[in-house]
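Heads up, the thing below is written out as structure tokens.
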Amino acid sequence: MSKTHPSHDAPQGKRLGLLAQFAGPEELVAAAEKATDAGYQRVEAFSPFPVLGIDEALKNPRTILPYVVLMLGLSGMCIALLMQCYMNGMEFPGAPWGLSGYDFLISGKPSFSIPAFIPVTFEVIILLSAFGAFFGMILLNGLPKLSNPLFRSERFAAATDDGFFLFVEASDPKFAEAETEAFLSSLGGSGIEGIDEPVTGHAVPGFLYLVGAAVATLALLPPMYLWATSGTTSTVPRISFFKDMENQPKVKPQTTFALFKDGRGMRVAVPGTVARGGLKDDAKLYFGYEPEDGFVGGPRRIEAMLASYSVQPVADGPDADGADSATPPAADQPKEENWVTEFPVKVTKELMERGQQRFNIHCAVCHGLDGGGMGLVTKRALELEQGTWTQPTSVHAESVVEQPVGKLFNTISNGVRKMPGYKEHIAVEDRWAIVLYLRAIQRSQLATADDLPKDKLIELSNLN
Amino acid sequence: MATADITAGVSGKLGSVPEPWIDPPWVEGDNDYKSVTEKVCRISENPRPPLAWFVSFVIAASVAGMFGAMIGYLIITGVGVWGNQNAVAWGFPIVNFVFWVGIGHAGTLISAILFLFRQHWRTSINRFAEAMTIFAVVCAGTFPGIHVGRVWFAYWLFPYPDTRLNMWSQFRSPLLWDVFAVSTYATVSVLFWYMGMIPDLATLRDRAVHPIRRFAYGLLSLGWTGSSSQWLIYEKAYTLLAALATPLVLSVHTIVSFDFAVSQLPGWHTTIFPPYFVAGAIFSGFGMVLTLMVPARQWFGLKDIVTTRHIELMCKVITATGTMVGFAYLTEFFIAWYGGNPYEQFAFMNRAFGPQAWAYWTMISCNVISPQLFWFGAIRRNMLLVFIISIFVNIGMWFERFVIILSLERAFLPGSWQSFVPTWIDLGMLVGSFGLFFTLFLLFCRFLPIVAMSEVKHVMAYVDGKAKKAH
């Protein structure tokens with residue numbers, strides 16, 4: 001009943017071995033035992049489920065898989081512990097690619113809080129060990145191997161159903177076609193057939209691997225580019241998949257908005273509203289001058305302020321809301337006698353010191369610490385021969401010394417010539433403090449002998 | 001069957017085959033290896049699956065589609081579509097997450113722990129339970145994924161080099177442990193499931209007629225031949241994976257319970273949580289296995305392979321774990337009283353007699369009382385009753401997690417107490433996750449071997465004693 005050639009008509013390659021079928025698992029083990037006893041070394045058994053005793057019968061070597069799993073488990077432990085200590089316990093500022101580590105200080109736990117690191121370590125051990133068991137099984141078994149000469153035997157399909165097979169390889173030193181066939185037959189094997197090396201079939205053309213590698217590499221470029229750009233600065237908007245809150249549907253300042261009649265995105269306040277702290281009803285304090293009508297705060301000003309809300313603002317009215325209006329219109333510039341000559345705030349030592357500190361912060365860079373007009377910026381500008389630079393007038397110049405305090409306050413608030421106004425940067429009390437300090441340094445430069453106390457004067461004359 | 005003279009054994013030890021009236025065989029009827037192959041493969045090879053499959057699939061897929069649409073709505077609109085609020089910030093998403101993760105545990109338990117204990121009855125149901133695990137973990141993973149709010153930043157959960165912030169994940173937080181535990185669990189479950197399926201996929205490959213089926217199963221079975229050297233390494237790998245999955249399954253729900261237990265909230269901050277969560281997970285998982293298995297063995301004609309005895313054993317596991325869970329509920333009350341912490345005492349009195357007491361008593365009746373019915377053999381053997389009680393177990397375990405989350409309603413500061421009211425999106429997503437689960441499960445039943453044929457044959461040969469019987 002033996003059939004030494006497969007049924008299909010394809011040309012035959014080299015003989016690989018003989019395949020015989022057995023009735024059940026016990027018969028398979030018995031046959032395998034006899035085959036190895038007879039001196040066959042390259043025998044393999046095939047069965048739909050693991051057959052007990054077959055490994056001893058075939059003298060199959062033990063597998064190294066458990067050691068692979070052990071090694072991967074141990075490396076999982078090391079990797080997890082090092083990873084957590086590095087990511088949560090130490091820091092290398094400036095390390096590239098976001099690999100700087102981060103020393104978290106959480107709940108007063110130490111940087112290397114091993115007990116808290118155990119759960120993740122445990123999971124990583126299991127994960128890597130499981131990879132070891134699974135991929136170790138796949139690789140040690142030589143899988144995936146989708147093409148196998150045995151699959152060409154129709155009978156062999158039963159090996160995954162109810163068939164038990166023994167295969168003697170032609171490379172076995174004891175293999176001889178006729179004798180082996182007779183031997184297998186004597187063991188109770190049925191349907192013995194020869195398995196040949198396939199000569200027909202399709203192989204994947206070599207260049208396809210190259211194409212595949214190239215496509216895979218190219219496919220990596222866009223995500224790599226996104227990753228690289230996400231952490232670097234750039235003059236154009238960053239490319240991001242999820243815009244998140246980068247583009248918000250809102251009206252931004254100084255833009256148009258069609259829904260409103262006047263087309264302006266920004267709205268003016270409702271008539272009669274005054275912003276918090278915007279009711280500057282003390283003209284002497286806030287603007288440094290006494291109004292014409294002598295009325296403190298000036299009904300004229302407040303009236304104008306409130307009236308401005310009721311009319312549509314016009315394009316050339318920069319202070320249309322009036323609340324922050326500090327510059328009286330040019331034609332409305334107060335007359336000299338209207339400037340405040342007395343400080344509208346209480347003059348104290350603290351105010352003087354505050355003024356000195358503010359002056360040194362805001363003014364001295366250009367005006368110099370002594371107010372003489374030779375601050376660092378001025379020196380530098382003169383050094384560079386900047387044609388556009390206007391040197392500040394010395395505060396000790398007669399024209400400045402003669403100015404009433406209100407006018408000095410106005411200059412600080414609104415600027416003069418090239419000097420910008422500082423009312424947005426310096427609080428109103430601080431501006432008065434600076435004016436007070438200005439008065440002090442003016443006096444320090446223009447002092448006369450009468451300004452000195454008597455005893456100091458005597459001391460000085462003694463020195464001479 | 002009654003071949004008492006045949007000697008066969010497990011692990012090479014020869015022992016007498018048990019008398020059928022003492023220890024009935026695990027595979028019933030006049031089955032041999034071929035008929036087992038035939039019965040299992042027929043399910044996925046049949047060009048016309050039963051009508052019940054089509055009806056179930058259409059319903060499940062529609063519900064899953066609704067789930068997808070709701071997730072889309074959530075992403076576009078924001079997490080405000082849920083009932084989550086300042087007090088109950090976790091709400092349904094975390095209830096559903098813990099519920100599904102818990103269900104997943106039975107699969108690994110049946111596969112791994114019963115394998116290590118050489119419980120041969122597992123072979124008929126382990127594939128089924130493993131598939132259930134994976135699909136349950138898919139559902140579970142969805143919820144924390146969408147609960148983060150900005151779903152597209154879900155990758156922030158994992159430690160990765162951030163070039164903008166130069167910061168890393170916080171490894172001292174249970175929520176991060178959870179990320180590692182659940183993703184490891186999902187990965188290992190898939191590996192375990194797939195590896196167990198390779199020999200059976202080879203069976204499907206060798207039986208396939210249509211070239212597409214032949215190609216697909218050929219690719220998936222990786223060229224498995226069933227040679228003795230392959231089986232040797234395979235069995236070693238399977239044992240190792242089982243040994244690895246056993247501590248893993250216990251660790252996963254332990255870590256999930258840390259999400260609660262490591263916090264300071266009364267009712268959450270207890271050391272009983274890890275064992276209590278693990279028992280509950282096994283309990284709920286077996287409940288879900290029964291819910292799926294009872295109709296499936298009916299529809300797919302698997303009554304010889306998944307016998308009444310299998311069902312009875314699972315019922316007994318449910319009674320055992322249900323009683324453990326009940327004991328944990330009592331212990332919580334005892335410790336609240338014995339610990340003398342007034343906040344803890346209030347939390348538990350509030351659970352049982354507060355405004356949401358209905359949830360607590362639903363949980364008690366479903367989890368503690370209903371499984372006690374399985375003490376009666378007549379109930380264990382009545383498939384309709386088994387099915388109904390298994391549904392009760394599922395309901396009860398969902399409510400257990402709901403009751404735990406409701407502790408957030410009334411924490412330390414009465415000024416910030418707030419009652420939780422789910423929205424229709426909350427409810428829809430709960431139902432929708434079942435749709436996703438059943439869709440995946442029905443697809444699995446249609447296209448993959450739902451019983452581990454090679455393992456069943458092994459049990460037939462060496463436990464039922466067919467090894468010497470000529471087929």
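Summed over region A:31-61, the residues that are in contact (Cβ under 8 Å) with a residue 60 or more places away in the chain and within 11 Å of chain B (Cβ to nearest Cβ) give a count of 8.
All of A:GLY406, A:GLY355, A:GLY421, A:GLY371 fail the test of being surrounded by 13 or more Cβ atoms within 10 Å (Cβ to Cβ) and on the phi > 0 side of the Ramachandran plot, apart from A:GLY371.
So which residues in region B:213-246 are farther than 19 Å from B:LEU448 by Cβ and more than 7 Å from every other protein chain (Cβ to nearest Cβ)? Answer for region B:213-246, where residues must be farther than 19 Å from B:LEU448 by Cβ and more than 7 Å from every other protein chain (Cβ to nearest Cβ): B:THR239, B:ALA242, B:ALA243, B:ALA245, B:THR246. Is it the case that A:GLU91 is over 35 Å from the mean Cα position of the chain (by Cα), farther than 28 Å from B:HIS458 by Cα and not polar (S, T, N, Q)? In short, no. Considering region A:95-125, the residues that are part of a loop (DSSP other than H, G, I, E, B) and of a type in the set (A, V, I, L, M) include one that is farthest from the other protein chains (Cβ to nearest Cβ), namely A:LEU105. Of the residues B:THR362, B:THR321, B:THR331, B:THR308, the single one that is out of contact with any Pro (no Cβ under 6 Å at 6 or more places or on another chain) and modelled with pLDDT under 90 is B:THR308.
Take B:VAL138 and decide whether it is surrounded by fewer than 23 Cβ atoms within 10 Å (Cβ to Cβ), hydrophobic (A, V, I, L, M, F, W, C), touching a residue at least 40 places away in the same chain (Cβ under 8 Å) and within 14 Å of chain A (Cβ to nearest Cβ). Answer is no for this residue.
Working carefully through the options B:LEU191, B:LEU201, B:LEU176, find the one that is within 8 Å of chain A (Cβ to nearest Cβ), in contact with a Ser or Thr (Cβ under 8 Å, 6 or more places away or on another chain) and either among the aliphatic types (A, V, I, L, M) or surrounded by fewer than 18 Cβ atoms within 10 Å (Cβ to Cβ) (or both).
None of the others qualify; the one that does is B:LEU176.
Within region A:40-64, the set of residues being crowded, with 21+ Cβ neighbours inside 10 Å and more than 19 Å from A:PRO173 (Cα to Cα) comprises A:PHE46, A:SER47, A:PRO48, A:PHE49, A:PRO50, A:VAL51, A:LEU52, A:ILE54, A:ASP55. For A:GLN445, the conditions (1) surrounded by fewer than 19 Cβ atoms within 10 Å (Cβ to Cβ); (2) under 26 Å from A:LYS284 (Cβ atoms) all hold with the exception of (2).
Among the listed residues B:VAL368, B:VAL317, identify the single one that is assigned to a helix (DSSP H, G or I), surrounded by fewer than 19 Cβ atoms within 10 Å (Cβ to Cβ) and within 21 Å of the chain's Cα centre (by Cα). Lay out the reasoning, then the answer.
On the way: B:VAL317 fails: surrounded by fewer than 19 Cβ atoms within 10 Å (Cβ to Cβ).
Criteria check complete, one pass: B:VAL368.
Let's see how each residue does on (1) touching a residue at least 24 places away in the same chain (Cβ under 8 Å); (2) aromatic (Phe, Trp, Tyr); (3) touching a Lys or Arg at 6+ places or on another chain (Cβ under 6 Å); (4) over 15 Å from B:HIS105 (Cα atoms):
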{"site": "B:PHE171", "(1), (2), (3), (4)": "no, yes, no, yes"}
{"site": "B:TYR185", "(1), (2), (3), (4)": "yes, yes, no, no"}
{"site": "B:TYR194", "(1), (2), (3), (4)": "no, yes, no, yes"}
{"site": "B:ILE198", "(1), (2), (3), (4)": "yes, no, no, yes"}
{"site": "B:PRO211", "(1), (2), (3), (4)": "no, no, no, yes"}
{"site": "B:ALA216", "(1), (2), (3), (4)": "no, no, no, yes"}
{"site": "B:SER251", "(1), (2), (3), (4)": "yes, no, no, no"}
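Among residues of region B:288-310 that are on the phi > 0 side of the Ramachandran plot and in a loop (DSSP other than H, G, I, E, B), those with a beta-carbon under 7 Å from a residue that is surrounded by fewer than 23 Cβ atoms within 10 Å (Cβ to Cβ) and of a type outside the set (A, V, I, L, M, F, W, C) at least six positions away or on a different chain give the pairs B:GLY301/B:LYS39.
Residue by residue, here is whether (1) more than 14 Å from chain B (Cβ to nearest Cβ); (2) at pLDDT below 75; (3) not in a helix (DSSP H, G or I) holds:
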position	(1), (2), (3)
A:ALA157	no, no, no
A:SER171	yes, no, yes
A:ALA178	yes, no, no
A:PHE207	yes, no, no
A:VAL211	yes, no, no
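When A:GLY13, A:GLY39, A:GLY76 are checked against the criterion of being under 47 Å from the mean Cα position of the chain (by Cα) and either in a loop (DSSP other than H, G, I, E, B) or not β-branched (Val, Ile, Thr) (or both), A:GLY76 stands alone in meeting it.
Scanning region B:60-83 for residues that are within 15 Å of B:VAL421 (Cβ to Cβ), in contact (Cβ under 8 Å) with a residue 40 or more places away in the chain and not aliphatic (A, V, I, L, M) yields a count of 2.
The values are calculated or read from the model by the stated rules, or taken from the named source; none is laboratory data. No experiment lies behind these values; they were computed from the predicted model shown. Positions of Cβ are generated from backbone atoms using ideal geometry, with glycine treated the same way; all protein chains shown enter the neighbour counts.
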